[in-house]
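The values are calculated or read from the model by the stated rules, or taken from the named source; none is laboratory data. All values reported here derive from a predicted model rather than from experimental measurement. Positions of Cβ are backbone-derived with ideal geometry, glycine not excepted, and every protein chain shown enters the neighbour counts.
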Amino acid sequence: MKKFFLLLMMLICFSTSFAQTSYGTFTVFPNKKIYGINFKPKLAFGKINANYVLVLKYSSKKAYAVFDEGSVMLLKFEDDSVLKLPINTFVEPQTDYKSEILEITNKVLEHYITYTLFDLDQEAIDRIINKKQNIKKIRVLFTNGNVEDWDIDKKYQPKLIKGLIESYDVVNSVQEIRKEKINNVEAGF
């Protein structure tokens, strides 16, 4: 019976590791490693004042991620071109902590979550949301030269781009609603 549950859990983890998953505007970018979706990195567009950023939500079982002014994100496209995104030095990385108890084993899972922003210009945005060139690899350079790579499965590449386009659209629509509310407030003042 225990072997059956173990096999069932492995199948669920395997199938969900290649599934399109969005948390609000965040989109998971999976690789071939099999572990829970909660620990897979996630990307989303964001906007601070008039500047666009790419938000990285990085989760770990052990500790928060550490970034410095030399940290970058590299996106490798299908044509082997590379887009280098510098870390946003104006907004400090934000952290969050979550723990959950697995019902089957009563084991506590800890999630150390770090939100980091990478600066974007219009050219970078156009490259990222271009449906003709999929992102095939993502590399993040942490503090002291620590590097982590994620190969994006070929089947998942279009889904990643689709999720990022949806995230970009959400950011733009929120900004338009905000401008409209500001104009309405000023008109009634």
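Exactly one condition in (1) in contact with a Lys or Arg (Cβ under 6 Å, 6 or more places away or on another chain); (2) modelled with pLDDT of 90 or more; (3) surrounded by 13 or more Cβ atoms within 10 Å (Cβ to Cβ) is false for Val28; which is it?
Checking Val28 against (1) in contact with a Lys or Arg (Cβ under 6 Å, 6 or more places away or on another chain); (2) modelled with pLDDT of 90 or more; (3) surrounded by 13 or more Cβ atoms within 10 Å (Cβ to Cβ), the one that fails is (2).
In region 119-137, which residues are at pLDDT 90 or above and out of contact with any helix residue (DSSP H, G or I) (no Cβ under 9 Å at 6 or more places or on another chain)?
Asp119, Asp121, Gln122, Glu123, Ala124, Asp126, Arg127, Lys137
For region 151-162, what are the residues that are in a loop (DSSP other than H, G, I, E, B) and touching a residue at least 40 places away in the same chain (Cβ under 8 Å)?
Hits for region 151-162 are Ile152, Asp153, Lys155, Tyr156.
So that you can scan it fast, the table gives a plain yes or no per residue for (1) part of a strand (DSSP E or B); (2) under 14 Å from the mean Cα position of the chain (by Cα); (3) charged (D, E, K, R):
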residue	(1), (2), (3)
Glu69	no, no, yes
Lys84	yes, no, yes
Val91	no, no, no
Thr105	no, no, no
Ala124	no, no, no
Arg127	no, no, yes
Lys132	no, no, yes
Arg139	yes, yes, yes
Asp149	yes, yes, yes
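Can you pull out every residue in region 41-73 that is farther than 17 Å from Lys84 by Cβ, of a type outside the set (S, T, N, Q), surrounded by fewer than 21 Cβ atoms within 10 Å (Cβ to Cβ) and without any contact (Cβ under 8 Å) to a residue 40 or more places away in the chain?
Once the filter is applied, which keeps residues that are farther than 17 Å from Lys84 by Cβ, of a type outside the set (S, T, N, Q), surrounded by fewer than 21 Cβ atoms within 10 Å (Cβ to Cβ) and without any contact (Cβ under 8 Å) to a residue 40 or more places away in the chain, region 41-73 yields only Ala50.
Can you tell me which residue within region 76-104, out of those that are within 26 Å of Pro158 (Cα to Cα) and touching a helix residue (DSSP H, G or I) at 6+ places or on another chain (Cβ under 7 Å), is surrounded by the fewest Cβ atoms within 10 Å (Cβ to Cβ)?
Leu83
Out of all the residues in region 105-120, which are surrounded by 11 or more Cβ atoms within 10 Å (Cβ to Cβ) and not hydroxyl-bearing (Ser, Thr, Tyr)?
Leu109, Glu110, His111, Ile113, Leu117, Phe118, Asp119, Leu120
Looking only at residues that are in a loop (DSSP other than H, G, I, E, B) and closer than 25 Å to Val170 by Cβ in region 47-66, which one is modelled with the highest pLDDT?
Ala65
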